[in-house]
Amino acid sequence: MNNKYRKCVGMMIINNNKEILVGRRLDHPSGFWQMPQGGIDEKENPEEAVWREMKEEIGTNKAELLKVSNQWINYDIPLETLKTLPWGHKYIGQTQKWFAF
């Protein structure tokens, strides 16, 4: 795995009405909406990280795991955004493993 990308997890949380949970970013002036996600801590595996991040991001981890992506998804982050991130000096983007709940 390329060490220029920060390892992260992302989650798609679907309710019984087939609606997907998205939240508005409070830490960026864009006000963009996104599905919950977060970094993988050192010595943490992706599944441990997704349950922890779910609790941190939405206040609960009471969900049923449905599916895990087979691959990691890499993406670069624009330089102007990287400058605002605490880890932006170390990485050029993120690599994410996605989970459906």
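The values are calculated or read from the model by the stated rules, or taken from the named source; none is laboratory data. Since we're looking at a predicted model, the values are computed, not measured. Here the Cβ positions follow ideal geometry from the backbone for every residue, glycine too, while neighbour counts run over all protein chains shown. Side chains included, ligands, DNA and RNA excluded: accessible areas come from the protein's heavy atoms. Shrake-Rupley method; radii C 1.70, N 1.55, O 1.52, S 1.80 Å.
Looking at this model, which pairs from LYS4/LYS62; LYS4/LYS55; LYS55/LYS90; LYS18/LYS90; LYS43/LYS67; LYS18/LYS55 are more than 31 angstrom apart at the alpha-carbon? If you can, show how the numbers build up before the last one.
On the way: LYS4/LYS62 33 Å; LYS4/LYS55 27 Å; LYS55/LYS90 26 Å; LYS18/LYS90 38 Å; LYS43/LYS67 23 Å; LYS18/LYS55 21 Å.
Pairs exceeding 31 Å: LYS4/LYS62; LYS18/LYS90.
Taking each residue as 0.36 nm, the span from ARG25 to GLU42 lengthens on full extension beyond its C-alpha to C-alpha distance by 3.7 nm. Under the simplified labelling scheme, the GLU64-LEU82 pair shows an inter-label distance of 4.2 nm, with each label point 7 Å from Cα along Cα→Cβ. For the chain, the per residue solvent-accessible surface stands at 71 Å², with DNA, RNA and ligands left out and a 1.4 Å probe.
Applying the criteria of a DSSP loop state and at most 13 other Cβ atoms within 10 Å to the chymotrypsin sites (Phe, Trp or Tyr not before Pro) of the range 28-84 yields PHE32. Put simply, the C-alpha atoms of the range 21-99 give a gyration tensor, and the ellipsoid matching it has half-axes of 22, 16, 12 Å, longest first.
Given Cβ point charges of +1 (Lys, Arg) and -1 (Asp, Glu) and nothing else, what value in debye, to the nearest 20, does the dipole of the chain about its Cα centre take?
With Lys and Arg at +1 and Asp and Glu at -1, about 140 debye.
Near TRP51, once Lys and Arg are set to +1 and Asp and Glu to -1 for all other residues with Cβ below 14 Å from its Cβ, the sum equals -4.
Remark: the Cα gyration tensor places the range 56-101 in the oblate category, a/c being 1.5 or greater and a/b not exceeding b/c.
Between TRP72 and ASN15, what is the FRET efficiency for a Förster distance of 41 Å, r being their Cβ-Cβ separation, to the nearest 0.05?
Details: r = 27 Å, r/R0 = 0.65.
Taking R0 as 41 Å, the efficiency between TRP72 and ASN15 is 0.95.
On the protein heavy atoms, probe 1.4 angstrom, tell me the percent of accessible surface of the range 47-101 carried by carbon and sulfur.
Values: 1960 of 3700 Å².
Result for the range 47-101: 53 percent of the exposed heavy-atom area is carbon or sulfur.
Here the chain carries DSSP beta bridges of which approximately 60% are antiparallel, counting only pairs with both residues inside.
Counting Lys +1, Arg +1, Asp -1, Glu -1, what net charge surrounds LYS18 among other residues with beta carbon under 15 Å of its beta carbon? The partial results should precede the final answer.
Values: positive: LYS67; negative: GLU19, GLU64.
The answer is -1.
Taking GLU47, GLU57, GLU80 in turn, the Gaussian network model of the chain (Cα-Cα springs below 10 Å) assigns the largest fluctuation to GLU80.
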